[in-house]
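Remarks on the structure that follows.
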Amino acid sequence: MDRRAKGEESFRLFCELYFPHLFTLAWSDDHLRVIRKIEAVVNNHDTLAVAMPRGSGKTTLSLVAVIWAILTAKHLFVYLLAASDDAARKLLENIKNQLSGNRLLLEDFPEAIYPIVRLENEARRCNGQKYLGKLTNIRWGIDEVVMPTIPKSKCSGAVIRVSGLTGNFRGAMHILPNGRSIRPTLVVADDPQTDASARSLVQTAERLSILNGTIIGLAGPGRRTGVIVPCTVIQEGDLADQILNREKFPAWHGERT
């Protein structure tokens, strides 16, 4: 089995094969358990809230999971959420840096990555980019990335979009060049609370409502949305503390490490 096939089949191998510069230490048992659960979210549209010590890689694992989901076409529309718009845009910037600068991804996924590399991080080049005389419809913005439309590319037109948790993303959809409408089927809500919201009962309740309502329903009627919530408990009873509580919110499969 070649490198690409191994990486497409296993999230752990995808991390190890294509991102050795990010994951430089041996996995702990906690890491391996979380990796298996993230893989289940991507493959089966599960939900997962996970708390790990700062610096242990929970956000990095989640962002690499977005790249894995998009490049393998397990999901064609992924939403990245954070506590604020600025924080969400920084997450997207990290993903863009990996897509445009990872030589290993370029070698094994050229149909998706080479058009990105040709932009040289200049969004203004998107409008004129063509392949075999046809526009690739690529987008390279601060709030959204649309993968290039390339014949036989599994992730043609796939979307990564970002917003703050309290932003306007209800009913999000995207129209592909062939006219097909797609909705988000995978969401990563990274550290979805601020210090201020964690201290506010009203803001905590509002953000819990968004997680348990709007986000879960993004995929549309009758469809499941896979959701990963990497989070940090700021104080007892805050948003993270509640969704990690398996007795109160068992559907989130809370994982504390």
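The values are calculated or read from the model by the stated rules, or taken from the named source; none is laboratory data. Computed from a predicted model, the values in this text were never measured in an experiment. Cβ: placed from backbone, ideal geometry, glycine included. Neighbour counts: every protein chain shown. Just so you know, the surface numbers come from the protein's heavy atoms only, side chains and all, with ligands and any DNA or RNA stripped out. Shrake-Rupley method; radii C 1.70, N 1.55, O 1.52, S 1.80 Å.
With a/c under 1.5 counting as rounded, go ahead and sort the chain into rounded, prolate or oblate using the C-alpha gyration tensor (a ≥ b ≥ c being the square roots of the eigenvalues; past the cut-off, prolate if a/b is larger than b/c, else oblate). Spell out each step's value before the answer.
Working: a/c = 1.86, a/b = 1.43, b/c = 1.30.
Verdict is prolate for the chain.
When the chain is treated as a GNM, springs tying every alpha-carbon pair under 10 Å, which of P148, P184, P221 comes out with the largest mean-square fluctuation?
Answer for the Gaussian network model of the chain: P221.
Tell me the trypsin sites (Lys or Arg not before Pro) within the range 179-257 that lie in a loop according to DSSP and have at most 14 other beta-carbon atoms within 10 Å. Let's see the in-between values first.
Details: sites: R180, R199, R207, R223, R224, R246, K248, R256; in loops: R180, R223, R224, R246, K248.
Loop-located and lightly packed - R180, R223, R224, R246, K248.
Show me the trypsin sites (Lys or Arg not before Pro) within the range 70-163 that DSSP assigns to loop and that have at most 11 other Cβ atoms within 10 Å of their Cβ. Before the final figure, lay out the partial values.
Values: sites: K74, R89, K90, K96, R103, R118, R124, R125, K130, K134, R139, K152, K154, R161; in loops: K74, K152, K154.
Answer by residue number: K152.
Considering only protein heavy atoms and a probe of 1.4 Å, how much of the accessible area of the chain is carbon and sulfur, as a whole percent? Intermediate values should be presented prior to the final figure.
On the way: 6010 of 12110 Å².
Here it works out to 50 percent.
Calculate the spin-label point distance for D86 paired with T24, positioning each point 7 Å from the Cα along the beta-carbon direction, and give it in nanometres.
The two pseudo-label positions are separated by 2.8 nm.
Determine the sum of side-chain charges near G254: Lys and Arg each +1, Asp and Glu each -1, restricted to other residues whose C-beta is under 12 angstrom from that of G254.
Working: positive: K37, R246, K248, R256; negative: D241, E247, E255.
That sum, taken over residues with Cβ under 12 Å, equals +1.
How far apart, in nm, are the 7 Å Cα→Cβ label points at D195 and M173?
4.2 nm
Can you give the FRET efficiency for L135 and E16, using 1/(1 + (r/R0)^6), R0 = 25 Å, r = Cβ-Cβ distance, to the nearest 0.05? Show your work: numbers first, answer last.
On the way: r = 36 Å, r/R0 = 1.44.
So, using R0 = 25 Å, E works out to roughly 0.10.
Using a Cα distance threshold of under 24 Å, what count of lysine pairs results for the chain when pairs must be 8 or more residues apart or interchain?
So the count works out to 25.
Label points 7 Å out from Cα along the Cβ direction at D143 and E120: separation in nm?
Modelled inter-label distance: 2.8 nm.
Pick out, from F19, I38, L99, the residue whose Cα sits farthest towards the positive end of the charge dipole of the range 1-147, with +1 on the Cβ of Lys and Arg and -1 on the Cβ of Asp and Glu.
Sorting the options by dipole projection puts first L99.
Restricting to DSSP loop positions (anything but H, G, I, E, B) with no more than 10 other Cβ atoms inside 10 Å of their own Cβ, which trypsin sites (Lys or Arg not before Pro) remain in the range 1-66?
R54
Accessible area per residue, 1.4 Å probe, Å², for the chain: what's the number?
The answer is 47 Å² per residue.
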